[in-house]
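One structure is given here, and the rest of the page talks about it.
The values are calculated or read from the model by the stated rules, or taken from the named source; none is laboratory data. Fair warning: this is a prediction, and the values are worked out from it, not measured in the lab. Because the Cβ atoms are built from the backbone with ideal geometry, glycine has one as well, and the counts that use them run over all protein chains shown. To get the accessible areas, we keep the full protein, side chains included, count just its heavy atoms, and leave off ligands, DNA and RNA. Shrake-Rupley method; radii C 1.70, N 1.55, O 1.52, S 1.80 Å.
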Amino acid sequence: VRGCLSVLVLALLFAAAGFWFGSRPAAACLIDTGLTSSGFNARERQVEVDADAPFELLGGRADGVTLRASDAEFQAGLRAEDVDLTLTGVDILGGSFERVTGELSGVALEEPGGGGAIGPFEVDVDGPAEEAEVAAVMPADALLPVLRGVIESTIGAEPGDLRLEAVPGGVGGRVS
């Protein structure tokens with residue numbers, strides 16, 4: 001009986017150690033599979049799961065998930081050369097999170113109907129999931145063709161001269 005109890009205790013210790021060290025990679029694999037099934041593809045990508053106590057993962061919760069990817073494609077024609085996002089307060093099974101922080105660089109958005117791509121631009125994201133602030137920065141030479149197309153489709157005529165000017169104070173700009 002004593003030998004059987006020792007084997008049982010030893011087996012429980014090995015199982016606990018296996019879960020302690022293997023739960024993060026297993027959760028990362030589950031999240032990676034979910035990303036693929038939702039239409040996210042990338043040449044290279046890495047998903048890291050952080051749980052201060054890995055036993056939280058039994059309930060489908062993680063303290064944080066970090067996604068790094070290169071040459072990424074999302075649904076709806078959005079592409080990014082590099083993705084670096086961190087989600088905190090993650091409900092893995094429910095597919096939700098409390099906060100997001102990160103950036104996407106080399107972003108291009110395919111125009112509907114195959115009219116080319118808008119971009120490249122940089123996107124910074126920070127804040128609570130439902131109200132995250134998103135800032136997109138696009139060079140003027142990439143923005144002018146987009147503005148030209150919007151103006152032409154709105155007024156029915158191509159604008160003659162189009163340029164961007166900074167407004168005093170450094171916030172915003174003016175199209176003329």
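Numerical summary
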| item | result |
| --- | --- |
| Signed unit charges on C-beta, dipole axis of the stretch 11-110, positive-most listed residue PRO25, ALA15, ALA80 | ALA15 |
| Total charge dipole magnitude, the chain, about the Cα centre, Cβ charges on Lys, Arg, Asp, Glu only, Debye to nearest 20 | 700 |
| Carbon plus sulfur fraction of accessible area for the chain, probe 1.4 Å, in percent | 60 |
| D_trans [Stokes-Einstein, Kirkwood Rh over alpha-carbon pairs] for the stretch 80-135, 10 °C, 1.306 mPa s, µm² s⁻¹ | 127 |
| Nitroxide proxy distance, nm - points 7 Å out along Cα→Cβ at LEU13 and ASP161 | 8.3 |
| Pairwise centroid distance, computed over Cα atoms, of the stretch 47-62 with the stretch 74-96, Å | 17 |
| FRET E, pair SER70, GLU152, Förster distance 41 Å, beta-carbon r, rounded to 0.05 | 0.70 |
| Per-residue [θ]222 nm for the chain (sum of -39500 (n - 2.57) over DSSP H runs n ≥ 4, rounded to 500) | -10500 deg cm²/dmol |
| 37 °C / 0.692 mPa s Stokes-Einstein diffusion coefficient of the chain, Kirkwood radius on C-alpha pairs, µm²/s | 167 |
